[in-house]
There are 2 protein chains.
Amino acid sequence: MEQVKFILDEKEIPQYWYNIQADLPEPLPPSLHPGTKKPLMPEDLAPLFPMELIKQEVSTERYIEIPDEVRSIYRLWRPTTLFRARRLEKALKTPAKIYYKYEGSSPPGSHKINTAVAQAYYNKKEGINRISTETGAGQWGSALAFAGACFDIEVKVYMVKISYNQKPYRRVMMQVWGADCIPSPSEQTKAGRAILSRDPDCPGSLGLAISEAVEEAVSREDTHYSLGSVLNHVLLHQTVIGQETKKTLEKINEYPDIIIGCVGGGSNFAGMFLPFIKDKIDGTYPDLRIINVEPASCPTLTRGPYRYDFGDEAGMTPLMKMYTLGHGFIPPPVHAGGLRYHGMAPIICHLLNLGLVEARAEQQLGTFQAGVDFARSEGIISAPEADHAIRATIDEAIKCRESGEAKTILLALSGHGHVDMAAYQAYFDGKLKDHEYSQDKIEQALHDLPKV
Amino acid sequence: MEQVKFILDEKEIPQYWYNIQADLPEPLPPSLHPGTKKPLMPEDLAPLFPMELIKQEVSTERYIEIPDEVRSIYRLWRPTTLFRARRLEKALKTPAKIYYKYEGSSPPGSHKINTAVAQAYYNKKEGINRISTETGAGQWGSALAFAGACFDIEVKVYMVKISYNQKPYRRVMMQVWGADCIPSPSEQTKAGRAILSRDPDCPGSLGLAISEAVEEAVSREDTHYSLGSVLNHVLLHQTVIGQETKKTLEKINEYPDIIIGCVGGGSNFAGMFLPFIKDKIDGTYPDLRIINVEPASCPTLTRGPYRYDFGDEAGMTPLMKMYTLGHGFIPPPVHAGGLRYHGMAPIICHLLNLGLVEARAEQQLGTFQAGVDFARSEGIISAPEADHAIRATIDEAIKCRESGEAKTILLALSGHGHVDMAAYQAYFDGKLKDHEYSQDKIEQALHDLPKV
């Protein structure tokens, strides 16, 4: 009986995060102050983030040590399992070898905890005992709530109101871990009060929740802000995923031909592929293919221009150079909520622009079908976000069946779908449809971009 | 940094199930035909179960080989992890050592899959391609649905109607794995139609759903029935849990002083403790304590008489000798749905009657508090059922703090609570209360018991 699970020892949890900024062929374009349009200075971010994270954001050190206190928490669920998808390969009748790295075994159920724990630690170390953040469907909020419990930090989560009402389970998870989660817009900030006075029934949006959380951090000495994706230091923390995977594959003499993952802000997939792309950049594995999969209804990488844009809807954050659909773009309410972001991690955008990675858009119905097929072979019911990567993985495996090539495909499986079964229910009830992105909207995005 | 997770190799998945019936100091009282009151014959069960399971039900062979096809599916999530609860020990300031075996990493999220896969396999082997069953809150139904996907068996689940409506996520999971799940009472059986004609708005009950599922199996040549707990063969299959745990503890030179688990039908905890109780019976570890924890609102072991009773509400199943609250007893609607059963596995009852195990009842509010405390230390949010065992574990650890004894406590953690967050929500909203069991109800139970 052949092995299906490959698990490293706890001692093999990486001791360092890997920083791609040490190995980029060209440096990342800097982020800009939203007012002055000049490169951001550390002091610009000091009201929001601890100094250690600000340093990590711009560092070009190749390896940054993971503090023992963080590794100690990682022990609760890391190293995560790398599976060989033997049953899926058999069902697809493909000669391809499919491996998937499953981050769904963490207590909150996805990869986001890898950075939440680090961010909570650095805040605590610098004397901050309170963090505010936003969350849409709740995955990021739960991760930070758990991290807060680990380091005895008060966590305040602004949750997009419509999600707060529709998806109570995530906020209850936050409550179990001791966080305070309130619906946004709220009466607790100027931003929230402003919206509520105009539109008392406003269902909320991620951009508005960001504005509330940032305002809380800026207006209180004792509170910092925390972001779950996009930023360089977040992707840095996620490289535990790819480093563990590389080590595990080395032990069984394997190396991927293709690496596939879903991208919303980009932190899960970058966490997987950055340790591998080092090998592509330095010429060891020049033909390595890295495929970023996004929803066709929010086709940031496949249709957006590569321009400086705000990270949030209101235009309060720094300007980052990203493939963007325009900070005013509101994606259709597809169920893969974690992928509904107008922009993308600048690191991923830079690599796409350099031609080192690829992007692909998937329509939502096909992703749910892929998720169902995967579950019937491998058991795991994945998060709707991860289903986008499963779709592309199955398609690549089918291409291998047709061509006869026995490629090695590595899938980054970001999380489970236990708390997202309403999405699968809507799929089975025939309530979902594929979306088309309209040319009008692309042009509108170009008009709304800030001039730098 | 001390190790917290202890994981066996896939090759160490047990090759045999352990059958306590080989080592009981006195044999189990036989189950009786509900009509004749004579001991059940194999042919009585043949319309419902495959012959191999009927043989397992009465076998006294000490070790029964686990088929390769079953071990092959077990590989997807087994061996499961044994955790050392270092953070919980620290939070409780206890000298006790706490280990927990976590079954929540299986695809459906609990231990029930260990028997579902075996039962599906034996049915398929004997040419049965269709299985009917009942489910309350959905944990058993999802487990059998997944097993059906593994062996290409059609699975039909009758789900208690009120749960079908209140807990849609479990039935969607069943749908992902390809099962057909309908609310009970339904128009599809005589039993269902009879109830609906009297009471069209009947919310359903587990007993009624059992009646529908059994009727379907009895009335169709192509369909067998499957039960998720209580029966000897089910407990047999669950012994993979205890055997893995014993082996893992041996490797680190540990042996428990106390083993604690929650009991509804009893299969999870029996699966943990049966391989250990062998050592108590043969005198190797005579002082081993085994504590069965049940809800105070359904105190089968702590308050029920030890008598022959039906397994279902309608009185259709065989009579089994059990601690029972009477087959007509409807437990209060506590959220630990998996523990709301009027009876208990005959094996556990026999061992309790022989004084080899103990029983304890817990009130529900304390169990949720224990679950929250556990989650804030260890991360995992447990199923409300498992919270009963966590409560008792924390209490025993506190006793150790007070006495200074460094006992080794082993906790059977049956599953996660991701799909039960509504229960935690009700707890936080102050909507739950502790229940009292009334003396009147005990006496009513004594009147309703069948005469044998």
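Values computed for the structure shown
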read-out	value
Residue within the range B:415-428 that is part of a helix (DSSP H, G or I) and of a type in the set (S, T, N, Q) present	yes
A:Leu446 vs. criteria away from chain B (no Cβ under 13 Å) and surrounded by 17 or more Cβ atoms within 10 Å (Cβ to Cβ)	no
Of residues in the range A:280-314 being without any contact (Cβ under 8 Å) to a residue 40 or more places away in the chain and on the phi < 0 side of the Ramachandran plot, the one farthest from the chain's Cα centre (by Cα)	A:Thr284
Test set (1) open to solvent by 10 Å² or more (accessible area, probe 1.4 Å); (2) without any contact (Cβ under 8 Å) to a residue 40 or more places away in the chain - A:Ala370 fails condition number	(1)
Output for the range A:383-407, where each listed residue is open to solvent by 10 Å² or more (accessible area, probe 1.4 Å) and among the hydroxyl-bearing types (Ser, Thr, Tyr)	A:Ser403
Members of the range A:7-18 found to be of a type in the set (A, V, I, L, M, F, W, C) and open to solvent by 40 Å² or more (accessible area, probe 1.4 Å), listed by number	A:Ile7
Condition met for B:Leu88 (touching a Phe, Trp or Tyr at 6+ places or on another chain (Cβ under 9 Å), modelled with pLDDT of 95 or more, closer than 19 Å to A:Phe83 by Cα and not charged (D, E, K, R))	no
Residue count for the range A:399-427, restricted to those that are within 14 Å of chain B (Cβ to nearest Cβ) and under 30 Å from A:Arg84 (Cβ atoms)	11
Condition met for B:Gly430 (within 14 Å of chain A (Cβ to nearest Cβ), open to solvent by 10 Å² or more (accessible area, probe 1.4 Å) and within 28 Å of B:Ala375 (Cβ to Cβ))	yes
Helices (runs of 4 or more DSSP H) completely within the range A:124-217 that count 3 or more residues being within 14 Å of another protein chain (Cβ to nearest Cβ) and open to solvent by less than 20 Å² (accessible area, probe 1.4 Å)	A:139-151, A:168-176
Verdict on A:Leu325 being buried (at least 20 other Cβ atoms within 10 Å of the Cβ) and out of contact with any Leu (no Cβ under 9 Å at 6 or more places or on another chain)	yes
Conditions (1) within 14 Å of another protein chain (Cβ to nearest Cβ); (2) closer than 30 Å to A:Arg78 by Cβ: number failed by B:Ala120	(2)
Filtered residues of the range A:219-238 (kept if part of a loop (DSSP other than H, G, I, E, B), in contact with a strand residue (DSSP E or B) (Cβ under 8 Å, 6 or more places away or on another chain) and more than 18 Å from A:Lys190 (Cβ to Cβ))	A:Asp222, A:Ser226, A:Leu227, A:Gly228, A:Val230
Subset of the range B:237-247 that is open to solvent by 10 Å² or more (accessible area, probe 1.4 Å) and in contact (Cβ under 8 Å) with a residue 40 or more places away in the chain - its residue that is nearest to B:Arg84 (Cα to Cα)	B:Lys247
Boolean, A:His416 is in contact (Cβ under 8 Å) with a residue 12 or more places away in the chain, crowded, with 21+ Cβ neighbours inside 10 Å, in contact with a strand residue (DSSP E or B) (Cβ under 9 Å, 6 or more places away or on another chain) and not hydrophobic (A, V, I, L, M, F, W, C)	yes
Filter result for the condition that a residue is surrounded by fewer than 24 Cβ atoms within 10 Å (Cβ to Cβ), assigned to a loop (DSSP other than H, G, I, E, B) and not small (Gly, Ala, Ser), over A:Asp287, A:Asp279	A:Asp287
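One line per residue, one yes/no per condition, for (1) farther than 30 Å from B:Ile252 by Cβ; (2) in contact with a His (Cβ under 9 Å, 6 or more places away or on another chain):
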| position | (1), (2) |
| --- | --- |
| B:Ile409 | no, no |
| B:Gln425 | yes, no |
| B:Leu432 | yes, yes |
| B:His435 | yes, no |
| B:Gln439 | yes, no |
| B:Glu443 | yes, no |
| B:Leu446 | yes, no |
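Residue by residue, here is whether (1) under 25 Å from A:Ile281 (Cβ atoms); (2) within 16 Å of the chain's Cα centre (by Cα) holds:
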| residue | (1), (2) |
| --- | --- |
| A:Lys321 | yes, no |
| A:Ile330 | no, no |
| A:Pro333 | no, no |
| A:Pro346 | yes, yes |
| A:Leu352 | yes, no |
| A:Glu358 | yes, no |
| A:Gln363 | no, no |
| A:Gly366 | no, no |
| A:Ala375 | no, no |
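The values are calculated or read from the model by the stated rules, or taken from the named source; none is laboratory data. Bear in mind that the values here come from a model prediction, so they are computed numbers and not experimental data. Note that each Cβ is placed from the backbone with ideal geometry, even for glycine, and that neighbours are counted across all protein chains shown. Ligands, DNA and RNA are excluded from the accessible area calculation, which covers all protein heavy atoms including side chains. Shrake-Rupley method; radii C 1.70, N 1.55, O 1.52, S 1.80 Å.
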